[in-house]
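To start, the structure under review is shown below, and the notes come after it.
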Amino acid sequence: MFIAMYLGTALGRTNDHNTSPSSHECLKPGVTQALMKRFASSHQIQCIEDNGQRGATRLPAWFSQLSHLDQLLAVWEWRSGPTPWLWMRALTVD
C-alpha cells in the first residue's frame, strides 16, 4: 500500500514538497526505479544506497555498554535486504 500511495494519486501534492522515502527494493524489486521515474519531472533525486552499515553518531553513553550483538540489533531494521533511500528535492516549492 505504501508503494501504491507514492505511485498513485494519494500523494499527488508531493510534486511540490521535499521528501525522502525509503524504497523497499528487497520487498518489491523495481520500486526504486519506479519511484525515480514517477518523480523525475518534479524533483531532483539522489539515490542513497543502503550498504547495511549503520554509522550512528551521538549515541547515549549506555549504548556503548551493550554487548556487540545488542548494539547490532538496536540499529537493525529487520529487513531481508537493502532498502535504498531517495532524497527528493522539489524543483519548485510553493
Checking GLN71 against (1) modelled with pLDDT of 80 or more; (2) of a type in the set (S, T, N, Q); (3) exposed (fewer than 15 other Cβ atoms within 10 Å of the Cβ), which test does it fail?
-> (3)
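Are any residues in the range 78-87 within 25 Å of LYS37 (Cβ to Cβ) and surrounded by fewer than 11 Cβ atoms within 10 Å (Cβ to Cβ), and if so, which ones?
SER80 - this is the single residue of the range 78-87 that is within 25 Å of LYS37 (Cβ to Cβ) and surrounded by fewer than 11 Cβ atoms within 10 Å (Cβ to Cβ).
The values are calculated or read from the model by the stated rules, or taken from the named source; none is laboratory data. The model shown is predicted, which means the values in this text are computed figures rather than measured ones. Cβ atoms come from the backbone with ideal geometry, glycine included; neighbour counts cover every protein chain shown.
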